[in-house]
Amino acid sequence: MDGGLDAGRPTEAPAGLHWAWVVAAVTFVTLVGSAAFRSVPGVLMDPLHMEFGWSHATIGFAVSVNMMLFGLISPFAAALMDRFGIRPVVTFALVMVALGSGLTVFMTAAWQLVLCWGVMVGVGAGSMSMAFVATVVNRWFVARRGLVAGILTAGNATGQLIFLPLVAWLATHHGWRTAALTTAAAALAVVPLVVLFLRNHPADMGLRAYGATDADPGPPPHQPVGSSAGRALRVLRDAARVPAFWLLAGGFAICGATTNGLIATHFIPAAMDHGMPPTTAAGLLAVVGIFDVGGTIASGWFTDRVDPRMLLLAYYTLRGVGLAVLPSLLSPHTTPGTWVFIIFYGLDWVATVPPTVMLCRDWFGAGVGPIVFGWVFASHQVGAAFAAYGAGVVRDRTGSYDPAFYAAAGLCVVAALLSVSIRRVAPRPVAFSTHEGEAALTPRS
């Protein structure tokens, strides 16, 4: 636990304000800062291609390594947060993102791009990904879980909104190295807030989770015995016995492929293929971020009230429709149809997260739910990685991104079917059994 760092730090929220909301606010700002670098690859793909002569597939491979690690690190980071506390893990993650981003200014070879963009930033960003959101929500909130999950998830979109136009402007007028250093500074700027205000568990401050009752007190403070990596792997082993885990993971893999992998990485170069200026295309992606904030918060509100499976069915179906029509909408200038797609895709972008977090908690309980969601999120990033690389290969071989957009539209139909196939369960805690000195998951059948 990280309680020893609390000496001399503020430990009281303003009168009438539960500390859970302070933790949520710092988490939101942290996610905004960590999103800075992930707004860079799509903007810098063409500048790197022109300066170094690297192909779209080569640059896409570096992005795919980033996305793969961004997901695969997530469940291990959730287990590390259980063992050592949220604050040291998040502080380390922000420093890694800053180092990876800053060191790119010295690179001269493609392997260095993979090391900086792929490995360093992937590990750092993965340590404060959606499993971080699930950990904060499950520990600090009993009431308003869906809404808070939506707000925190929107932090990524807000980061894109803030940094994407800035990164595009800096890259155009001052070079891509200035843009990379700016994003490194943004990650470092969040570290003091994390050290001062982020707390591991309500019990560390003598509090109960927000909205806790005797019937649902939230997860107790718990420090696992044994290695964090071992716990994450044991949770995966047990969760893998449950069909719902594979349905959630399959749908979320397609979610990642159709957002971070395809649109976030390749929308700007695809628009440039049709004659659109890069700053205009980056501005459109920023608008996606604007509407993503509203869409994700609304999704969290709906998740508290509507069957999460039905929400996922609707989100994936509508996303597939958008991708199917996108090739016909791209042109040198924005059109009403382009704006309809951007607004619609923004509302749908990560609206899938709150219902997926809720289904993980319903099936696997609040105690290990964040780690299970970490593995589900890992599948999201595996899908994103394949799409980031695969779409680059499609572009290199065919000269167009259109086949990639059509294939992604078809995958969305598959994701909708997987989501509606999950059996609905009552939102009650799962049973636990003892395994190697710690509470281990006993999954539902």
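The values are calculated or read from the model by the stated rules, or taken from the named source; none is laboratory data. Owing to the predicted nature of the structure, the values given are computational and were not obtained by experimental measurement. Heads up, the Cβs are rebuilt from the backbone with ideal geometry, glycines too, and the neighbour counts pull from every protein chain shown. Quick note on the areas: whole protein, heavy atoms, side chains included, nothing else; ligands and nucleic acids left out. Shrake-Rupley method; radii C 1.70, N 1.55, O 1.52, S 1.80 Å.
Side notes on the structure shown:
- Restricting attention to the range 348-369, the residues that are surrounded by 23 or more Cβ atoms within 10 Å (Cβ to Cβ), over 22 Å from residue 293 (Cα atoms) and charged (D, E, K, R) total 1.
- Screening the candidates 315, 345 for the property of being of a type in the set (Ser, Thr, Tyr), open to solvent by 10 Å² or more (accessible area, probe 1.4 Å), assigned to a helix (DSSP H, G or I) and in contact with a helix residue (DSSP H, G or I) (Cβ under 7 Å, 6 or more places away or on another chain) yields one hit, 315.
- Considering residues of the range 128-147 that are open to solvent by less than 10 Å² (accessible area, probe 1.4 Å) and not in a helix (DSSP H, G or I) only, the residue farthest from residue 180 (Cα to Cα): 141
- Single residue of 254, 263 found to be within 18 Å of the chain's Cα centre (by Cα), over 30 Å from residue 83 (Cβ atoms) and open to solvent by 10 Å² or more (accessible area, probe 1.4 Å): 254
- Selection within the range 327-371 - more than 21 Å from residue 154 (Cα to Cα), among the aliphatic types (A, V, I, L, M) and out of contact with any Ser or Thr (no Cβ under 8 Å at 6 or more places or on another chain): 366, 368
- Any hit, the range 72-85, residues being surrounded by fewer than 20 Cβ atoms within 10 Å (Cβ to Cβ) and within 18 Å of residue 31 (Cα to Cα): no
Yes or no, residue by residue, for (1) touching a residue at least 40 places away in the same chain (Cβ under 8 Å); (2) closer than 21 Å to residue 354 by Cα; (3) in a helix (DSSP H, G or I):
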| residue | (1), (2), (3) |
| --- | --- |
| 275 | yes, no, no |
| 282 | yes, no, yes |
| 290 | yes, yes, yes |
| 311 | yes, yes, yes |
| 324 | yes, no, yes |
| 331 | yes, no, no |
| 337 | no, no, yes |
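- Extreme residue, least open to solvent (accessible area, probe 1.4 Å), among residues of the range 234-251 that are in contact (Cβ under 8 Å) with a residue 60 or more places away in the chain and outside any helix (DSSP H, G or I): 242
- Helices (runs of 4 or more DSSP H) lying entirely in the range 32-113 (those with 3 or more residues that are touching a residue at least 12 places away in the same chain (Cβ under 8 Å) and of a type in the set (Ser, Thr, Tyr)): 56-84
- The lone exception for residue 332 - which of (1) modelled with pLDDT under 90; (2) touching a Pro at 6+ places or on another chain (Cβ under 9 Å); (3) surrounded by fewer than 20 Cβ atoms within 10 Å (Cβ to Cβ) it fails: (1)
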